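The values are calculated or read from the model by the stated rules, or taken from the named source; none is laboratory data. Computed from a predicted model, the values in this text were never measured in an experiment. Here the Cβ positions follow ideal geometry from the backbone for every residue, glycine too, while neighbour counts run over all protein chains shown.
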Amino acid sequence: MRNMIMAAAVLALGLCTRAAAQEVTLRAVSSFAEKTTYSRGFERFVERVNEAGKGVLRINYIGGPKAMPPFEVGNALKNGVVDIANVTGAFYTNLMPEAAVFLARLVDNNPFHLYLNKKIDKPDLTGLKLRITPVYRDFFQKLGATVVQTAPGEVYTALERGVVDGYGWPITGIFDLGWHERTKYRVDPGFYSAEVSVLINKSSWDKLNDKQKALLAGAAAQGEEEAVAEFARLNAADIERQAKAGIQVITFEPAVARKFYDEAYAAGWEGVIRQSPEHGPTLEKFFAR
Ligand code: 173
């Protein structure tokens, strides 16, 4: 009996040691097209982890929306079909984040804007049909718009065919998929701040050893540190590039602009509270400006 226990203990130890020494591979997807604005930070994160993690941990980056539709990324992460995802909260409002561990916010300091092909002279969107995601749905509807949710990959065609009169999107990135060819106006000011983050499946995380966790956490911290300054630079560059592409800026007089901006936040919080009457008011208390 004693020998058997000893043997079992040795075996268990042996297995543990082997498991700890083995390189772990994590499958990753991005909800944004490869090598575009909102995937680049993540791709840098993957490179860093793979460089520093040789023999310890490797991220196998499967790809962007060609590999998986963006609105399905949250579910795939929850179910463990993938271990890591580069995704924005707007794409997994069907789930909310309890199935995932938050690793890093790689996009910040990056306001959303309303882009239009029809001119407006006041913040009234009555009669306009706009492409949205859940982030700014309530705001645009409050201003009278009819809205339709699409993945980024469908925006160009929707503009080309006149299915929509405009869309919401951050200040950067409209050149990645050629939307500048189909965009006449940008409305200022911008509002909110786009969020794109790296999430990891909770049980994938729990299986990692301390060294592997530290590797991911290190690359996460480094990426977060870079985000604000990086987007300050990217925002300025794209504002200039949009002007050069002939995109005209629609502005309102200061008091009206202020109302437009405040309404973005008021409508946004109303939406949060409507969808989560229990936690919404607490979130607003902690996070509202
Ligand atoms: O408009 C969108 O698709 C969207 O919600 C988003 C979020 C973060 C970055 C870019 C776009």
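Annotations for the structure displayed:
- Looking only at segment 154-170, and only at residues there that are of a type in the set (Gly, Ala, Ser) and more than 10 Å from the ligand (Cβ to nearest atom), the one that is farthest from Leu234 (Cα to Cα): Gly162
- Restricted to strands (runs of 3 or more DSSP E) entirely inside segment 72-130, those with at least 1 residues that are of a type outside the set (Gly, Ala, Ser) and at pLDDT below 95 are 100-107.
- For segment 27-46, the set of residues classified as part of a strand (DSSP E or B) and more than 12 Å from the ligand (Cβ to nearest atom) consists of Arg27, Ala28, Val29, listed by residue number.
- Test: residue in segment 135-151 that is closer than 15 Å to Val249 by Cβ, touching a residue at least 40 places away in the same chain (Cβ under 8 Å) and assigned to a loop (DSSP other than H, G, I, E, B): no
- Test: residue in segment 180-196 that is within 16 Å of the ligand (Cβ to nearest atom), outside any helix (DSSP H, G or I), farther than 25 Å from Gly53 by Cα and touching a Ser or Thr at 6+ places or on another chain (Cβ under 6 Å): yes
- Residue in segment 172-187 that is under 16 Å from the mean Cα position of the chain (by Cα) and closer than 19 Å to Gly271 by Cβ present: no
- Close pairs from segment 155-176: first without any contact (Cβ under 8 Å) to a residue 40 or more places away in the chain and part of a loop (DSSP other than H, G, I, E, B), partner among the hydrophobic types (A, V, I, L, M, F, W, C) and more than 12 Å from the ligand (Cβ to nearest atom), Cβ under 7 Å, at least 6 apart: Val164/Val148; Val164/Ala158
- Of the candidates Gly173, Gly268, the single residue that is within 16 Å of the ligand (Cβ to nearest atom), under 30 Å from Arg48 (Cβ atoms) and buried (at least 18 other Cβ atoms within 10 Å of the Cβ) is Gly173.
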